[in-house]
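Here's the structure we're looking at; comments come further down.
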Amino acid sequence: MNTLDNRRVLLVDDMPEIHTDFRKILARETATAAPNADDALIPTDAELEADEAILFGAQKPAKHNPSAPKGFDMDSAFQGQEALEKLRTALAENRPYALAFIDMRMPPGWDGVETVEHLWRADPRLQVVFCTAYSDYSWKEVLDRLDVRDRLLILKKPFDPIEVYQFAHALTTKWTKAEQASFKMSALEEAVEARTRELSNANIIVQNSPVILYRLRGEPAFPLIYVSHNITKLGHDPASLTVSPDWAKRLVHPDDRAKVGEAMTRLLEKSSDGSSIEFRLTTADGTLRWVENRYVPVRDADGRLIEVEGIVIDITERKAADEKIAQLARTDNLTGLANRATFRERLHQCFASAQRGALPFAVLYLDLDKFKPVNDTHGHPTGDLLLQEVAQRLRSCTRETDLIARLGGDEFAVLQTELTEPAESAGELADRIQHELKLPYRLKGTELTISVSTGICPYVPGIPDPEAMLAQADRALYRSKDEGRNQYHFHSQTLDQEVVNRMTLGGELLRAIAGHELELEYQPQVEITTGKIIGMEAFVRWNHPARGLLQPTAFIPIAEKTGAILPLGHWVLDQACRQVKAWRSLGITVPCIAINLSFHQLKAGNALIRDVTDTLKKWGLCPSDLEFDVTEGTLAQLKWSQNDVLPQLCALGIKIAIDGFGSEYSSFDYIKEYRVNHLKIARSYIRDASTDAEHATAMRAIMRFAHDIGIAVIAQGVETEEQNALLKDTEGATQAQGFHFSRAVSGEKAAALLRRGTVDLGETIREFCINVEEIPPINI
């Protein structure tokens, strides 16, 4: 085959009618067929060759019929795989295609991008025109995926016969010229100079084109030696730019100069090929236009850069369209929620973050119950309105950090992020969603009701991948459907029951506060040597109507997670102060009442301060009558969150004690920072000190240090005479509490202890502590 005049074209499209239309425009029979309206618009060979002479250099004229356009040798393929076979056959027969028109979407086979990848692997010289009205990719993704160089153009549907013919003529001619150029490396410098002179005439063709042509000299400063006349459409003068050493600063937006400079500098490397870059171009009046700069290096036989040839294409409208397409590609058109692709992308991100130590998350699959009858009875428009209302209610149930997606039809999903207790939080959200979606809908004057079935999979360490989470959530959803709908389930029955129990207990706790099911008991704090009572510590218990007497460890963690800790904490404070007032009204001296505080209460900030001051005023107590016990863990959280509630409580005159000192951090920094009044040595130190020399040494060191800086120490959990004797022999140990002195007792029994003022280690324990259940100190 004579490759110096290759007009072979391959059309790849899955629609036969497209092939018919292209043959009418391009095939050889066009030259002899009866003329039609489109023929008058198609340029003649004489016109095209005149353009070629200007753009590509003077050529020896060929004989032709000036009244008819030259046809193309055209082949058809209906799928990408078929196109690849035809290309391989053509190459084997030395009849290569110069150009391929390729549709972007060709189900069920390869799409346009994948087809081009295969074709270019077989023949890198092939020129390609994408024919598309819509793409599954942004053009940036296409350019990132394909090694485009200067081989790809875009032809948007619907097609214009003139554009199709001009694309075919220009790109087959370009293919031919490129082949010719490979044999003409000699005298390249003279050819470049000649072409530069000839390009000055090219403005006749391009001055009305949206494409700006330019040339740069191949020096590090890249002087501009030519720019086409249509740069004037942007308000710039070509002559002024070509003599300006700062032409790039005048054209390139300041924020984009660095990346443009890096791209151009790479051209100085011998191995660098042409490329493209997008940037903002500044017009003469200061407005900005997005442009795509496509450029290729022109080198001599030794690879030295002679010049840079390029085109600048205004893509402002395309960028806006791409952004709109990207937004549409990530969202559900009907509801405005995220779509399935976005949901899966975010799920993979959350999974990877959780594996690196970020807070866990949960996946909720939702399927609307009784939605199909709504569609069938009231029609799809009403069904669409219902889906939009469901989407709005889902937004009201979730946080900004959560992602809601419509997966299709009446299926939704929620990605609940940043959870400390993913299972419990997901159960609460599912319960809230179930309640909200069951409320009546008023649509087009009709009241409708639906419900929702939900499947939940919380993230737990060890789960293999995001796909496994989706599968588990899906199985849980079908459990909800199979067991009667209008309910939620986890992927395991055990987790179902645990969450239900915790949530039930959380709701019952709020009712217990109002229903007088709670009570306080009091444990005395005593001087070791004399048994004198120097304070009382309050502990809460729950007389549950169905489960019996519950220890705090059964409900305090739930109270903290559900928010019930705030009303519970207020109740404990109020009841403890009321009891102190009652004792004093009987003439009983109460040195101090100690109450545990949790981090969740301290997070309330000024609300806690107001609650404390109002309660003290209500019962006529002084701030010094109160002592708040906080753990080292709570102090660490306060410091990290820069919470200043404890210093404010200290300023009021309330005492502060570190509860369980030594069980977590054993940091003396907190003692100085929070003006601590008491250290309560952890019961583990007291328990082990009598049998473990290291614990005994650590306990003595803590007590000596506290004694030296003037802070009182209370030993917690003293249960035996042996432990008590050890404390008596330890310098700085003066106060203690524990079963050895007294268990926690009711307010009446505590009153009797306070009247006596001391604890008798024999008689008092027998009198006041028979059949009293042990209650270990915990945070309230």
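Quick look at the values:
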quantity: Radius of gyration and maximum dimension Dmax of the range 226-362, Cα, Å; calculated: 21.4, 63
quantity: Apportionment of accessible area to carbon and sulfur, the range 211-279, percent (1.4 Å); calculated: 54 percent
quantity: Whole-number D in µm²/s for the range 525-565 (Stokes-Einstein; Kirkwood sum over Cα pairs; 25 °C, 0.890 mPa s); calculated: 193 µm²/s
quantity: Calculated from backbone phi, Karplus (6.51, -1.76, 1.60) coupling profile of the range 345-350 in Hz, x at Gly/Pro; calculated: 4, 5, 4, 5, 5, 5
quantity: Largest to smallest accessible area among R7, R485, R344 [probe 1.4 Å]; calculated: R485, R344, R7
quantity: L586-H118 FRET efficiency (beta carbon distance; Förster radius 60 Å; 0.05 resolution); calculated: 0.05
quantity: T758-S684 FRET efficiency (beta carbon distance; Förster radius 25 Å; 0.05 resolution); calculated: 0.35
quantity: Relative contact order of the range 381-482, pairs being alpha-carbon contacts under 8 Å that are 6 or more residues apart, as %; calculated: 21 percent
quantity: Net length gained if the chain between N333 and I306 were fully extended (0.36 nm per residue, minus Cα distance); calculated: 4.6 nm
quantity: Translational D in µm²/s for the range 503-589 (Stokes-Einstein at 4 °C, 1.567 mPa s, Kirkwood Rh from C-alpha pairs); calculated: 90 µm²/s
quantity: Hz values of 3J(HN,Hα) by residue in the range 566-577 - Karplus curve (6.51, -1.76, 1.60), Gly and Pro given as x; calculated: 5, x, 5, x, 5, 4, 4, 4, 5, 5, 5, 5
quantity: Accessible surface of the range 291-362, 1.4 Å probe, proportion on carbon and sulfur as whole %; calculated: 53 percent
quantity: Ellipsoid semi-axes in whole angstrom, largest first, where each is sqrt(5λ) of the Cα gyration tensor of the range 375-467; calculated: 29, 14, 11
quantity: Cross-link partners of K561 among aspartates and glutamates (Cα-Cα below 12 Å; sequence separation of 8 or more within a chain); calculated: E421, E424, E428
quantity: Dipole magnitude of the range 215-275, debye to nearest 20 (Cβ charges: Lys/Arg +1, Asp/Glu -1, about Cα centre); calculated: 100 debye
quantity: Cα-based shape type of the range 291-393, given that a ≥ b ≥ c are square roots of the gyration tensor eigenvalues and the cut on a/c is 1.5; calculated: oblate
quantity: Alpha carbon centroid spacing (whole Å) that separates the range 89-167 from the range 581-608; calculated: 78 Å
quantity: Residue-span extension gain [D465 to I609] - 0.36 nm each, minus C-alpha spacing; calculated: 47.2 nm
quantity: Accessible surface, 1.4 Å probe, highest first, among residues Y226, Y441; calculated: Y226, Y441
quantity: Solvent-accessible area per residue for the range 217-320 (1.4 angstrom probe, square angstrom); calculated: 50 Å²
quantity: Mean-position separation - Cα centroids, the range 241-286 and the range 554-568, in angstrom; calculated: 62 Å
quantity: Heavy-atom accessible area ranking, 1.4 Å probe, most first, across E400, E719; calculated: E400, E719
quantity: Pairs beyond 19 Å (Cα-Cα), from K140/K259; K532/K728; K86/K177; K438/K481; K372/K438; K728/K749; calculated: K86/K177; K728/K749
quantity: Cα pair distances of the range 384-527 binned at 5 Å [whole percent]; calculated: 2, 8, 15, 19, 17, 13, 9, 6, 4, 3, 2, 1, 1, 0, 0, 0
quantity: Label-point separation in nm, T720 to E517, each point 7 Å along Cα→Cβ; calculated: 3.9 nm
quantity: Per residue, in Å², the accessible surface of the range 480-638 once ligands and nucleic acids are set aside, probe 1.4 Å; calculated: 41 Å²
quantity: Under-5 Å amide H pairs with A27, H placed in peptide plane, nonlocal only; calculated: F72
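The values are calculated or read from the model by the stated rules, or taken from the named source; none is laboratory data. Just so it is clear, the structure is predicted and the values come from calculations on it, not from any experiment. Quick reminder, even Gly has a Cβ in these numbers, built from the backbone with ideal geometry, and neighbours come from all protein chains shown. Surface areas here come from the heavy atoms of the whole protein model, side chains and all, with no ligands, DNA or RNA. Shrake-Rupley method; radii C 1.70, N 1.55, O 1.52, S 1.80 Å.
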